[in-house]
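Peer 1: Have a look at this one before I ask anything.
The values are calculated or read from the model by the stated rules, or taken from the named source; none is laboratory data. Bear in mind that the values here come from a model prediction, so they are computed numbers and not experimental data. No Cβ is skipped: glycine too gets one built from the backbone with ideal geometry, and neighbour counts run over all protein chains shown. These accessible areas exclude ligands, DNA and RNA; they are computed on the full protein's heavy atoms, side chains included. Shrake-Rupley method; radii C 1.70, N 1.55, O 1.52, S 1.80 Å.
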Amino acid sequence: VYKRQIFLCTIILITMIILRFNVVILFQRSRNMIGAYEGLRSTGLFKYMILEIPLSIPHPNPFLDEIRFTMSDQVLGKEYYHSVNEMLNLLQIVRVFLILRVFFIISPFFSTSAHRICDMYDAKTSYFFVIKARMQSAPLSFIFTNLCLSLFILAYALRICERPLSRIYSDWSYDNYLNALWNVVEVMATVGYGEYTARTILGRGLTIIIGIWGVGTLSLLVVSLSNLLAMEKLELKAYTCLLY
């Protein structure tokens, strides 16, 4: 039943995406930002709409329940399978960007006044500008929030990748979400104790992505902490006087 509901919600989502881009065109016309006869193609918004729709389409489909891909466990040589719906469920995680976009849009760095000020200085107001502004104004909270969200999302994705092995191993560790979460923490922190390791092809591929993401995120955290602890100019003068 839930798959049918997701299917209907996906159709509604795609319809809302098309309507949203058309509303953006109407808004830009009302503000004289574009000409009266300009549309999605002439403004360049069409390519963004075409990119967003395929990202929103993947979802578990009630008509694909019986389609499976058989693979082999390279450790013990046993066969297991991924259903198409499991893979679609994994791809569905991409929809998280829709939630993140809401936080970008309601940010003060993406407001009407922000657009006006950026236009004054010939700067482009974009989601990337919001990220850079957040990194300047509140780097630690931004990175910590990003780290926590990515931990839970990536653990869910890793559990989807590894859970098919529970069909052939009754005690497979990834039936427990907390085990997947702990494995993600290990990989992101580049610790690698080894008590939980990915064994499916999808799981190992995702582990590589998790490792790269973890190195980048933790590097930003270290740089932000270093900048936070760095002395300002007047503090440095006071410190120098205290030394001598």
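Peer 1: Taking segment 160-180 as the search range and keeping residues that are outside any loop (DSSP other than H, G, I, E, B) and within 17 Å of MET71 (Cα to Cα), which one is farthest from the chain's Cα centre (by Cα)?
Peer 2: Across segment 160-180, the extreme among qualifying residues is ARG167.
Peer 1: Select from segment 150-159 the residues that are of a type outside the set (Ser, Thr, Tyr) and farther than 20 Å from THR70 by Cα and write down the one among them that is farthest from the chain's Cα centre (by Cα).
Peer 2: So, considering only residues that are of a type outside the set (Ser, Thr, Tyr) and farther than 20 Å from THR70 by Cα, the one farthest from the chain's Cα centre (by Cα) is ALA155.
Peer 1: Let me ask something else about it. Being in contact (Cβ under 8 Å) with a residue 24 or more places away in the chain, of a type outside the set (Val, Ile, Thr) and under 25 Å from PRO139 (Cβ atoms) is the requirement here; does GLY216 meet it?
Peer 2: When the stated conditions are applied, GLY216 does not pass them.
Peer 1: Is one or more of the residues making up segment 99-107 closer than 30 Å to ILE67 by Cβ and either part of a helix (DSSP H, G or I) or of a type in the set (A, V, I, L, M) (or both)?
Peer 2: Within segment 99-107 (the criterion being closer than 30 Å to ILE67 by Cβ and either part of a helix (DSSP H, G or I) or of a type in the set (A, V, I, L, M) (or both)), the answer is yes, since at least one residue qualifies.
Peer 1: Right, another one. Within segment 107-117, take every residue that is of a type outside the set (Phe, Trp, Tyr) and touching a helix residue (DSSP H, G or I) at 6+ places or on another chain (Cβ under 7 Å) and give me the one that is most open to solvent (accessible area, probe 1.4 Å).
Peer 2: PRO108
Peer 1: Any residue at all in segment 30-44 that is out of contact with any helix residue (DSSP H, G or I) (no Cβ under 9 Å at 6 or more places or on another chain) and on the phi > 0 side of the Ramachandran plot?
Peer 2: Looking through segment 30-44, at least one residue is out of contact with any helix residue (DSSP H, G or I) (no Cβ under 9 Å at 6 or more places or on another chain) and on the phi > 0 side of the Ramachandran plot.
Peer 1: Answer yes or no as to whether PHE104 is open to solvent by 60 Å² or more (accessible area, probe 1.4 Å) and within 18 Å of the chain's Cα centre (by Cα).
Peer 2: The answer is no for PHE104.
Peer 1: Residue pairs, Cβ under 7 Å, 6 or more apart or interchain, first in segment 130-151 and more than 12 Å from SER107 (Cβ to Cβ), second of a type in the set (A, V, I, L, M) and open to solvent by 40 Å² or more (accessible area, probe 1.4 Å). List them.
Peer 2: LEU140/LEU228; ILE143/LEU220; ILE143/LEU221; LEU151/VAL185
Peer 1: Considering each of ALA189, ALA180 in turn, give the residue that is of a type in the set (Gly, Ala, Ser), surrounded by 15 or more Cβ atoms within 10 Å (Cβ to Cβ) and under 20 Å from GLY214 (Cα atoms).
Peer 2: ALA180
Peer 1: Return the residues of segment 216-241 that are surrounded by 14 or more Cβ atoms within 10 Å (Cβ to Cβ) and of a type in the set (Val, Ile, Thr); say none if nothing qualifies.
Peer 2: Result: THR217, single match.
Peer 1: Where in segment 1-96 are there helices (runs of 4 or more DSSP H), lying wholly inside it, with at least 3 residues that are of a type in the set (D, E, K, R) and surrounded by 11 or more Cβ atoms within 10 Å (Cβ to Cβ)?
Peer 2: Answer list for segment 1-96: 2-30.
Peer 1: With respect to the numbered conditions (1) more than 30 Å from SER113 (Cβ to Cβ); (2) touching an Asp or Glu at 6+ places or on another chain (Cβ under 9 Å); (3) without any contact (Cβ under 8 Å) to a residue 60 or more places away in the chain, which one is the sole condition not fulfilled by LEU178?
Peer 2: (2)
Peer 1: Condition check: in a helix (DSSP H, G or I), small (Gly, Ala, Ser) and either touching a Ser or Thr at 6+ places or on another chain (Cβ under 7 Å) or within 30 Å of SER72 (Cβ to Cβ) (or both). Does ALA238 satisfy that?
Peer 2: In short, no.
Peer 1: Those residues that are touching a residue at least 24 places away in the same chain (Cβ under 8 Å) and of a type in the set (D, E, K, R), I need them from segment 1-52; list them, please.
Peer 2: Scanning segment 1-52 gives LYS3, ARG4, GLU52.
Peer 1: Please go through (1) open to solvent by 50 Å² or more (accessible area, probe 1.4 Å); (2) at pLDDT 85 or above; (3) hydrophobic (A, V, I, L, M, F, W, C) for ILE99 and return the number of the only condition it doesn't satisfy.
Peer 2: Going through the list (1) open to solvent by 50 Å² or more (accessible area, probe 1.4 Å); (2) at pLDDT 85 or above; (3) hydrophobic (A, V, I, L, M, F, W, C), ILE99 breaks only (2).
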